[in-house]
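Visitor: My questions all concern the structure below.
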Amino acid sequence: MKEENTLPNPENPESFTGLKLGKPKESAAGIPAVISAVEHVFGEMNMARGVKALLNINQKDGYDCPGCAWPDPDDDRSSIAEYCENGAKAIAEEATTKKLTEDFFAKHSIAELSRLSDFEIGKKGRIAQPMYLPKDGTHYVPITWEDAFQKIASTLNELASPNEAVFYTSGRTSNEAAFLYQLFVRQFGTNNLPDCSNMCHESSGTALNETLGIGKGSVTLEDFYEAEVIIILGQNPGTNHPRMLTALQKAKANGAKIIAVNPLPETGLISFKDPQSAKGMLGIKAKLTDLFLQVRINGDMALLKAMHYLLLEEEEKNPGSVFDADFIRNHTTGYKEYCDHLRSFDLENLIHQSGVSIAAVKEAATLLKGRKKIIACWAMGLTQHKNAVDTIKEVVNLLLLKGSIGKPGAGTCPVRGHSNVQGDRTMGIYEKPSEKFLNNLKREFGFVPPANHGYDTVECIHAMHDGKAKVFFAMGGNFLSATPDTLFTAAALQRCKLTVQVSTKLNRSHLITGEEAIILPTYGRSDKDELNGELQFVSCENSMGVVQLSKGSLTPISSELMSEPMIVCQLAKATFGEKCHSRWDEFRKHYDNIRDAIEATIPGFSDYNHRVRIPGGFYLPNSAREGTFNTFNGKAPFSISGITEHHLADDEYLMMTIRSHDQFNTTIYGLNDRYRGVYNERRVIFMNELDATREGLSKGDIVDLYNQHEGRERVAHHFIVIPFNIPEKCTATYFPETNVLVPINSVADKSNTPTSKSVVIRIQKSY
Ligand SMILES: Nc1nc2c(c(=O)[nH]1)N[C@H]1C(S)=C(S)[C@@H](COP(=O)(O)OP(=O)(O)OC[C@H]3O[C@@H](n4cnc5c(=O)[nH]c(N)nc54)[C@H](O)[C@@H]3O)O[C@H]1N2
Ligand SMILES: Nc1nc2c(c(=O)[nH]1)N[C@H]1C(S)=C(S)[C@@H](COP(=O)(O)OP(=O)(O)OC[C@H]3O[C@@H](n4cnc5c(=O)[nH]c(N)nc54)[C@H](O)[C@@H]3O)O[C@H]1N2
Ligand SMILES: [Mo]
C-alpha cells in the first residue's frame, strides 16, 4: 500500500528546533564568518578534500563558486581563495562525502523521508546512483542508467504531443549543458523550458528589455570603483552576495556614497569587516551605507517617485544642474510626459506611501542632486511584487534622468542569484525564444524548432494541474519547494505520469512525485569531470556578462554519477533513436565540440574555445554598456506607471519571504540567521512591535498564518513571533517554509513572477 506523503507543514509544535534570540549583528563577515565557513566545510568532509575545495573556488583555473553569480575581480584575485562564508557553505553542501546509495533508499520509505524537515533531508548527502520509484511504490529502487534513459524516452515518445512534457532548469547548469538541453527539448518539439529565472529576475529582464533593449545589467565590477552613488534596493548582499561587500568597500574608499533601500536594516549593508584583509581580521569594520531608507514592503515605487519629484523641483529651479539634458535629448523619449506625470503626484502622499521619513527622502535627493555616475543594484526585494516590472522601470527612469547609463561608473546592476542563471538564458533556456534564435538553431542543426511559446514556471504548474502536461523533467533545482502555493504545486506534480530530477542532493522534490519517478545523480561544480581519459571543463556567465571556465578538481563521491552534458546526450540518443542527429555523437566526445556549436548559434561567442581558456575569460557584448539601446527607435523610453496601493484590512499584513544567513534557496545549511540575531530556529515571523501589541502578541508567542486568495484559504502553522525593526504592517518569514502561503495566481504583471515578497496574511495565535 502506498502511504500518504506529507508536506512540509508541521501540525505540531514538536517540529520546533529551539529558538534562541541574540542581538542583531552590527557588522557583517569578520572572524565569525571565517569560523562558520570552516565549521561547515570540515563538518562535511576530511581536511585534504576541504582544503582543496576551498583553494580552487573562483580561481582562474579553478571552478566557479556555486554560491552566487557575483563576478570575480578581472585581475588580482585573492591569492588564498576568492570565497566568502556562504560560498564555503555552498561548497560544504556540494562536496560532502556523505552519500546515498540503494541501501539508504531500501531502508527509508518515501513517506518516512517526507516527514523530515528540509534541513534534515538536505543533510542526508549526495545521491550516488540512479534511482527509480515504480508506480504505487513505497521505496526508491536502483535502476541502471540505460534503463532510466529508455523509460524516460519511451514515456516522452508516447505523449500525444511534445507539449505535454515540461523541462525545468535551475540556474547552476553550465553553458554547455544548458545549450544541449534546450537543443534536445526543441528537437523533441516544445518550448516548454521554464526555469528558476521565472521566479527570480524575470521582472528585471522584462523591464530592462522594454527600456534599454537588453535584459541584462550594464555595469562591470570596475564601474563600482568609479561610481559616485550606489543605490541598493531590495537586496541583502551580506548574506546572499557577500563578495559584493568587498566591491562596495572599495567603491566607498574611492568616494562613492551608498544608499540602501530596504524594510530591514540588513547587517551587511550597514557595515562590514573584510575577512580577507588584515584590518577586517582585526575586527575593524567599515561603515558601508551612508543613507538607509527604511521603506515599507513594496514602497519603492512611491519612494523613487518622491525622489524624482524633488530632483525635478531642483532641476526646474536651476536648469541643467541636476539632469543630463544632452543625454535625455539624444538617447531617450518621453521626458516631457514623464515630468508632467511626476508633477501630477502629491509629494507628501508619495512620501507617506513609501514609509520613509520626509527628512530621509530629502537627504537622498540632496545626495543624488549633483552626482551623475550612479549605479542601481537590486534583487528579489524589487522583482517579486505585482508591480515589479514597473518599479524596475522607475529605477531606469532615475538613471535616464541622470544620464547614468552607458558610461563608466554608472548603470544597471540586477544582482543575479544562481551562479549561471544568466548564462542559461543566454544559451536559450527560455520559454519565449526569439525568432532569430530559433532561425539560428534551424540553420545550424537542420530541423524546424517549434515556434509557439512554451510554459513558464507558473504556467507549467497549471498545465500539470489541469492534466495538460504529464512529464516533468528537472535539470537541477527543487521545484516543489521553490515554487509558490506548495500544496497546489504538489497536486500538480502528483498528477504527472513521470517526474525526473537530475540532482546532486536529496530534496523534497524527490519525495512528492508523479506516478513514477526517476532520480539521475550528477556532478556538482567542484567535481572532476573526465571524458575519454581527458579532464573536461564547462563555462558559466556571471552577473556582469563575463564568461569563464569552471573546472572541478574533487574526486566524485561515486563512479555512477554522470555529467549533465552527458545526461542530455544519452537522453537525445534514447529519445530520437535512429533519427538522432550525428552532432550528438560529437558532443559526447569532447566539450569543445559543444562550444563550437554554441559559437555557431549564439552571437558573442566567436572563438569561444580559445577565449574561454584565457585566464579570467571574456566579456559578452552588451549594447547598454556601450550606450546603444536596441529598442525599436534606438532610444530608451521614460516609463509612466502608477502606484500600487495595498488595501490591507486592520488584521491583514504584507509578508515578504526572505533568505536566512544559513541557506541557499531550499538547501538549508543550518538553523541560524546570525546577522538578524536568530539562532536554532527557522519557523519565525518578524513583525513590528506595535503591530504585535495590537494583535495581543508578544515575543515567543506561537501563531498560525493564513492567506486568502481567489476563494481559497492557505495556512502555515506554528511560527514564533519575533518583534523586530521592520515597518508597521510589514512582516517577514523564511522561504521555503511559507511558500504554502504564496497564491499560485498572485504574480507580477508582465513577468509572471510569483509575488513572494508581498503575500497578504492574517496572523492568529495557535493556542
Ligand atoms: N547564501 C546565499 N546566497 C544566495 C542565495 C541564498 O539563498 N543563500 N540565493 C541566490 C539567489 S537564487 C538569489 S535570487 C539571490 C537573492 O538575493 P536577495 O534578493 O538579497 O535575497 P532575499 O533574501 O530574497 O532578500 C531580499 C531583500 O529584499 C528586501 N525586501 C523585501 N521586500 C522588499 C521591498 O518591497 N522593497 C525593498 N526595497 N526591499 C525589500 C528584504 O528585506 C531582503 O533584504 O541570492 C543568491 N545568493
Ligand atoms: N517564497 C519564495 N520562493 C522563492 C524565492 C523567494 O525569495 N521566496 N526565490 C525564488 C528564486 S530567486 C529562485 S532562483 C528559486 C530557486 O529554485 P531552484 O533553483 O529550483 O532551487 P534550489 O533550492 O536552488 O535547488 C537546490 C537543488 O538543486 C540541486 N543541485 C544543486 N547543484 C546542482 C548541480 O550542479 N546540478 C544539478 N543538476 N542539480 C544541482 C540539488 O539537488 C539541490 O537540492 O526559488 C524561488 N522561490
Ligand atoms: Mo534566484
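The values are calculated or read from the model by the stated rules, or taken from the named source; none is laboratory data. Please read these numbers as outputs of a predicted model, since none were measured by experiment. Here the Cβ positions follow ideal geometry from the backbone for every residue, glycine too, while neighbour counts run over all protein chains shown.
Visitor: Only one of (1) among the small types (Gly, Ala, Ser); (2) part of a loop (DSSP other than H, G, I, E, B); (3) crowded, with 24+ Cβ neighbours inside 10 Å; (4) within 16 Å of ligand 3 (Cβ to nearest atom) is not met by GLY215, so which one is it?
Guide: Failed condition: (3).
Visitor: Go through (1) surrounded by 15 or more Cβ atoms within 10 Å (Cβ to Cβ); (2) at pLDDT below 80; (3) touching a strand residue (DSSP E or B) at 6+ places or on another chain (Cβ under 8 Å) one by one and return the number of the condition LEU54 breaks.
Guide: In the conditions (1) surrounded by 15 or more Cβ atoms within 10 Å (Cβ to Cβ); (2) at pLDDT below 80; (3) touching a strand residue (DSSP E or B) at 6+ places or on another chain (Cβ under 8 Å), LEU54 misses (3) alone.
Visitor: Within the range 504-528, work out how many residues are closer than 24 Å to LEU54 by Cβ and among the small types (Gly, Ala, Ser).
Guide: 2
Visitor: In the list SER756, SER766, which residue meets the criterion of being surrounded by 23 or more Cβ atoms within 10 Å (Cβ to Cβ), of a type in the set (Gly, Ala, Ser) and touching a helix residue (DSSP H, G or I) at 6+ places or on another chain (Cβ under 9 Å)?
Guide: Working: SER766 fails: surrounded by 23 or more Cβ atoms within 10 Å (Cβ to Cβ).
When all the criteria are applied, what remains is SER756.
Visitor: Checking GLY189 against (1) within 22 Å of the chain's Cα centre (by Cα); (2) more than 16 Å from ligand 3 (Cβ to nearest atom): exactly one of these is not met. Which one?
Guide: Every condition holds for GLY189 apart from (1).
Visitor: Kindly indicate whether any position in the range 730-746 is buried (at least 16 other Cβ atoms within 10 Å of the Cβ) and away from ligand 2 (no atom under 16 Å from the Cβ).
Guide: To start, the set of residues in the range 730-746 that are buried (at least 16 other Cβ atoms within 10 Å of the Cβ) comprises 730-744, 746.
Retained after the next criterion (residues that are away from ligand 2 (no atom under 16 Å from the Cβ)): none.
No: zero hits.
One line per residue, one yes/no per condition, for (1) part of a loop (DSSP other than H, G, I, E, B); (2) among the aromatic types (Phe, Trp, Tyr); (3) closer than 30 Å to MET244 by Cα:
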site	(1), (2), (3)
VAL38	no, no, yes
PHE42	no, yes, yes
LYS52	no, no, yes
ASP72	yes, no, yes
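Visitor: Quickly run through the range 731-740 and pick out the residues that are under 12 Å from SER481 (Cα atoms), of a type in the set (A, V, I, L, M, F, W, C) and not in a loop (DSSP other than H, G, I, E, B).
Guide: Scanning the range 731-740 gives a single hit, VAL740.
Visitor: Continuing with the same structure: With respect to SER344, is the statement that it is within 16 Å of ligand 1 (Cβ to nearest atom), surrounded by fewer than 17 Cβ atoms within 10 Å (Cβ to Cβ) and on the phi < 0 side of the Ramachandran plot true? Before you say what the answer is, go through the steps one by one.
Guide: On the way: within 16 Å of ligand 1 (Cβ to nearest atom): no; surrounded by fewer than 17 Cβ atoms within 10 Å (Cβ to Cβ): yes; on the phi < 0 side of the Ramachandran plot: yes.
Spelling it out, it is not the case that SER344 is within 16 Å of ligand 1 (Cβ to nearest atom), surrounded by fewer than 17 Cβ atoms within 10 Å (Cβ to Cβ) and on the phi < 0 side of the Ramachandran plot.
Visitor: Turning to a different aspect of this structure: Of the conditions (1) assigned by TED's automatic domain parsing to the domain that holds THR733; (2) touching a residue at least 40 places away in the same chain (Cβ under 8 Å); (3) in a loop (DSSP other than H, G, I, E, B); (4) among the hydroxyl-bearing types (Ser, Thr, Tyr), TYR706 fails just one. Which one is it?
Guide: Exception for TYR706: condition (3).
Visitor: Out of the helices (runs of 4 or more DSSP H) lying entirely within the range 412-514, which hold 2 or more residues that are within 16 Å of ligand 1 (Cβ to nearest atom) and over 29 Å from HIS717 (Cα atoms)? It would help to see each step written out before you state the result.
Guide: Working: elements: 421-426, 435-445, 457-465, 479-482, 486-494.
By residue number, 421-426.
Visitor: Does any residue of the range 432-440 turn out to be in contact with a Phe, Trp or Tyr (Cβ under 9 Å, 6 or more places away or on another chain), of a type outside the set (S, T, N, Q) and under 25 Å from ALA160 (Cα atoms)?
Guide: Step one: of the range 432-440, the residues in contact with a Phe, Trp or Tyr (Cβ under 9 Å, 6 or more places away or on another chain) are 437.
Next, only the ones that are of a type outside the set (S, T, N, Q) stay: 437.
Still in the running and under 25 Å from ALA160 (Cα atoms): none.
Among the residues of the range 432-440, not one is in contact with a Phe, Trp or Tyr (Cβ under 9 Å, 6 or more places away or on another chain), of a type outside the set (S, T, N, Q) and under 25 Å from ALA160 (Cα atoms), which makes the answer no.
Visitor: Among the candidates PRO142, PRO194, PRO134, which residue alone is in the same structural domain as LEU571 (by TED's automatic domain parsing), in contact with a strand residue (DSSP E or B) (Cβ under 8 Å, 6 or more places away or on another chain) and either within 13 Å of ligand 2 (Cβ to nearest atom) or of a type in the set (Gly, Ala, Ser) (or both)? Don't jump to the end; show me each part of the working.
Guide: Numbers: PRO142 fails: either within 13 Å of ligand 2 (Cβ to nearest atom) or of a type in the set (Gly, Ala, Ser) (or both); PRO134 fails: either within 13 Å of ligand 2 (Cβ to nearest atom) or of a type in the set (Gly, Ala, Ser) (or both).
Of PRO142, PRO194, PRO134, the one residue that is in the same structural domain as LEU571 (by TED's automatic domain parsing), in contact with a strand residue (DSSP E or B) (Cβ under 8 Å, 6 or more places away or on another chain) and either within 13 Å of ligand 2 (Cβ to nearest atom) or of a type in the set (Gly, Ala, Ser) (or both) is PRO194.
Visitor: Follow-up. Can you tell which of LEU183, LEU248 is buried (at least 23 other Cβ atoms within 10 Å of the Cβ), touching a Leu at 6+ places or on another chain (Cβ under 6 Å) and not in a loop (DSSP other than H, G, I, E, B)?
Guide: Numbers: LEU183 fails: touching a Leu at 6+ places or on another chain (Cβ under 6 Å).
Within the list LEU183, LEU248, the selection yields LEU248.
Visitor: Mind checking which residues of the range 252-269 are polar (S, T, N, Q) and under 10 Å from PHE292 (Cα atoms)? If you could, list the steps in order and put the result at the bottom.
Guide: Pass one, the range 252-269, residues polar (S, T, N, Q): 254, 262, 267.
ASN262 - this is the single residue of the range 252-269 that is polar (S, T, N, Q) and under 10 Å from PHE292 (Cα atoms).
Visitor: Give the residue, chosen from TYR675, TYR679, that is of a type in the set (Phe, Trp, Tyr) and under 22 Å from the mean Cα position of the chain (by Cα).
Guide: On the way: TYR679 fails: under 22 Å from the mean Cα position of the chain (by Cα).
After applying the criteria, what remains is TYR675.
Visitor: Could you tell me which residue of the range 626-658 is surrounded by the fewest Cβ atoms within 10 Å (Cβ to Cβ), considering only residues that are farther than 20 Å from LEU303 by Cβ and of a type in the set (D, E, K, R)?
Guide: If we take residues in the range 626-658 being farther than 20 Å from LEU303 by Cβ and of a type in the set (D, E, K, R), then ASP650 is surrounded by the fewest Cβ atoms within 10 Å (Cβ to Cβ).
Visitor: Next question, about the same structure. Looking only at helices (runs of 4 or more DSSP H) that lie completely in the range 281-383, which have at least 3 residues being assigned by TED's automatic domain parsing to the domain that holds THR211 and under 30 Å from GLU222 (Cα atoms)? Break it down into steps so the answer makes sense when it comes.
Guide: Numbers: elements: 300-317, 325-331, 335-343, 347-354, 358-369, 380-383.
Here the list reads 300-317, 325-331, 358-369, 380-383.
Visitor: Considering each of GLU444, GLU431 in turn, give the residue that is surrounded by fewer than 24 Cβ atoms within 10 Å (Cβ to Cβ), in contact (Cβ under 8 Å) with a residue 12 or more places away in the chain, within 16 Å of ligand 2 (Cβ to nearest atom) and more than 30 Å from GLY238 (Cα to Cα).
Guide: Matching residue, one of GLU444, GLU431: GLU431.
Visitor: Only one of THR366, THR333, THR391 is more than 16 Å from ligand 1 (Cβ to nearest atom), among the hydroxyl-bearing types (Ser, Thr, Tyr) and closer than 30 Å to THR246 by Cα; which? Can you show your working first?
Guide: Details: THR333 fails: closer than 30 Å to THR246 by Cα; THR391 fails: more than 16 Å from ligand 1 (Cβ to nearest atom).
Only one candidate passes the filter, namely THR366.
Visitor: Something else now. Do the conditions hold for SER526, that is, is it within 12 Å of ligand 2 (Cβ to nearest atom), surrounded by 24 or more Cβ atoms within 10 Å (Cβ to Cβ) and modelled with pLDDT under 95? Explain how you work it out, then say what you get.
Guide: Details: within 12 Å of ligand 2 (Cβ to nearest atom): yes; surrounded by 24 or more Cβ atoms within 10 Å (Cβ to Cβ): yes; modelled with pLDDT under 95: yes.
Spelling it out, SER526 is indeed within 12 Å of ligand 2 (Cβ to nearest atom), surrounded by 24 or more Cβ atoms within 10 Å (Cβ to Cβ) and modelled with pLDDT under 95.
Visitor: Here are some residues: LYS257, LYS250. Which one is modelled with pLDDT of 95 or more and not assigned by TED's automatic domain parsing to the domain that holds PHE724? Outline the logic, then answer.
Guide: Values: LYS250 fails: modelled with pLDDT of 95 or more.
None of the others qualify; the one that does is LYS257.
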